Amino acid sequence: MTGDDVSGSQDSPPGFFCVGCNIRFVGDKEGCCPRCGVAVDVASTMAAMPTQLFKSGPLPDDAAGAPSTESLHKLIGRDLHVYACRSLLGRGGMGWVYLAEHRDLGRQCALKILSPQLVEQDRDYLKHFWNEGRAAASLMHPHIVTTHAIGEADGHHFLEMEFVRGQSLQHRVERGPLTPLQATSIICQIAEGLAAAHQAGVLHRDIKPDNVLLTHRGVAKIGDFGLAKRLLPDKNSPLQESLAGTPQFMAPELFEGEAASGASDVYSLGVCYFLLLTGRLPFARPNLNELIAAALHAPVPSVRDVCPEATLGMAECLTRLTARSPANRPQSGIEASHLLQAVLGHLRDLETMIHDAFDATQAVQWTRTGDQFRLEVTLPDGRGQTVYIEDSDHRAEQRLLTIFSTCCEVQPSYFERALRLNAQLSHGGIAIRDLDGQSYFVMADTYPRGTVDTEEIRKSVLEVARQADSVERELTGADFH
């Protein structure tokens, strides 16, 4: 998990809770949620709490029923069990997330600690937390945040999870809609994670951008399996039973009392896809009851009306993912992944992106031979460097874009110096690659093919060229490549 340091203040204005998208925010009592538009009233802030155990960004203490942070702030800089709590990453209605170090293993981790007040109020939740924590710990997949351990120490119930350097998908979408290529690739990665969970018999029940993390390389990882809190309907709601999830992302059948299923997770995935493509939720309504009515009876808006760049294939895929009847949707993450992979195969090719990245600059000239692109980069000091770009041969959702440049021939006397230089690099890395039967040191960088954009390609080519030239000059003193 990842997040930002959080602090509270006695003088902070009151915080309010949105029952539509499960976030807390600062605002007037008569105001609306800044994310989804649902009106906020005092009753809803007193009666409900967010499902999200982790919420990055400033979350002030408030008088609206949220637990105080004072009792757990003391953990910063102290030890809990085998963990040294370094800093606070985030806080939500269910607890706190710390950046911690496992002292025995010497690794960083994200340590989630449940709110003692919540545990005292709801012992059934604690049992549910342990059961689902064990299920999450059984899931090992590149697109799922790894749960390493679950336990209790000094009266605190905790989860030890993988620390992911990056940001939440919600943070990314708040900057604006993603390109169709990026959106489709990220949703496909989430579907891959869901497929692994569904194959293991685990439902997520709260798929939303807040619960998906993006690494600095654009890899999506699903977090918070099985940690959705029960949502208690108000007295005017048509619901008769408590629900689990976030209303803006919940499948229609859940509002009618049906059990969660793989198809309901797929619906949430579809809502996320719509949000990534358009920058907005499909059903923005002023209150929870109208939101439920829209989910039950109104069609999901046409994505191409909001995002004309979306292809017909994307629109058709989105229609299937968010079908009103669960029988008309993919029944699991596996089926959804297959559908999304087919859409990825029809997106724009790499040559278009390279045209966009370099046609306006004289410092980079490029040619194409088969599937490989060769770029001649003129550096500011007059030296030159050749950079190559090529796709890997993986499946569409796993395909990588490799950007590399030759430094010099491999010689045993260079190994130690090359390794020392590699440890100092913040971008890319030195590797060994066979070119025309000869082994060379190369400077290489890789990106998920579906999420890389034009600006990333441009920056990476220029940086790889600069670093490769620097290594070549350091190791040989020449300018061969």
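Contact annotation: residue pairs with Cβ atoms under 8 Å, 6 or more positions apart or on different chains, pairing a residue in the range 119-131 that is touching a residue at least 40 places away in the same chain (Cβ under 8 Å) with a partner that is surrounded by 15 or more Cβ atoms within 10 Å (Cβ to Cβ) and assigned to a helix (DSSP H, G or I), are Tyr125/Leu118; Tyr125/Val119.
Each row is one residue, and each column tells you yes or no for (1) out of contact with any Asp or Glu (no Cβ under 7 Å at 6 or more places or on another chain); (2) within 30 Å of Leu318 (Cβ to Cβ).
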site	(1), (2)
Gly106	yes, no
His128	yes, no
Ala135	yes, yes
Leu181	yes, yes
Cys188	no, yes
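Among the residues of the range 192-222, those identified as in contact with a Gly (Cβ under 6 Å, 6 or more places away or on another chain) and either free of Cβ contacts under 8 Å to residues at least 12 places away in the same chain or not aliphatic (A, V, I, L, M) (or both) are His198, Arg205, Asp206, Asn211, Thr215, His216.
I want to confirm something. Restricting to the range 153-168 and keeping residues that are modelled with pLDDT of 90 or more and of a type in the set (Asp, Glu), which single residue is surrounded by the fewest Cβ atoms within 10 Å (Cβ to Cβ)? Step by step, filter the range 153-168, then rank; the result is Glu162. I'd like the full set of residues that are farther than 12 Å from Thr386 by Cα and among the aliphatic types (A, V, I, L, M), limited to the range 445-481. Passing the criteria: Val452, Ile457, Val471, Leu475, Ala478. Selection within the range 62-97: residues that are of a type in the set (Lys, Arg) and in a loop (DSSP other than H, G, I, E, B). The member of this set that is modelled with the highest pLDDT is Arg78.
Checking each residue in the range 370-388 for being under 18 Å from Gly428 (Cβ atoms), touching a residue at least 24 places away in the same chain (Cβ under 8 Å) and part of a strand (DSSP E or B) picks out Leu375, Val377, Gln385, Thr386, Val387. Candidates Asp265, Asp234: the one that is of a type in the set (D, E, K, R), at pLDDT below 60 and not assigned by TED's automatic domain parsing to the domain that holds Arg134 is Asp234. In this structure, His141 does satisfy being outside the structural domain of Val303 (by TED's automatic domain parsing), surrounded by fewer than 21 Cβ atoms within 10 Å (Cβ to Cβ) and closer than 30 Å to Leu400 by Cα. For the range 129-181, residues that are part of a loop (DSSP other than H, G, I, E, B) and of a type in the set (Asp, Glu) total 3. Restricted to the range 309-325, and to residues there that are of a type in the set (Val, Ile, Thr) and part of a loop (DSSP other than H, G, I, E, B), the residue that is farthest from Thr179 (Cα to Cα) is Thr322. Checking each residue of the range 112-128 against the condition of being within 25 Å of Ile190 (Cβ to Cβ), among the hydrophobic types (A, V, I, L, M, F, W, C) and either assigned to a helix (DSSP H, G or I) or within 18 Å of the chain's Cα centre (by Cα) (or both) gives no match. Only residues that are surrounded by 18 or more Cβ atoms within 10 Å (Cβ to Cβ) and closer than 26 Å to Arg78 by Cα were counted in the range 102-138, giving 11. Has the range 285-308 got at least one residue that is part of a loop (DSSP other than H, G, I, E, B), at negative phi, among the charged types (D, E, K, R) and surrounded by fewer than 20 Cβ atoms within 10 Å (Cβ to Cβ)? No, the conditions are met nowhere in the range 285-308. For the range 343-362, a residue qualifies if it is without any contact (Cβ under 8 Å) to a residue 40 or more places away in the chain and among the small types (Gly, Ala, Ser), and exactly one does: Ala360. The residues listed here are Ala431, Ala444; of these, the one that is at pLDDT 90 or above, part of a strand (DSSP E or B) and among the aliphatic types (A, V, I, L, M) is Ala444.
The values are calculated or read from the model by the stated rules, or taken from the named source; none is laboratory data. Not measured: the values here are computed from a predicted model. Positions of Cβ are generated from backbone atoms using ideal geometry, with glycine treated the same way; all protein chains shown enter the neighbour counts.
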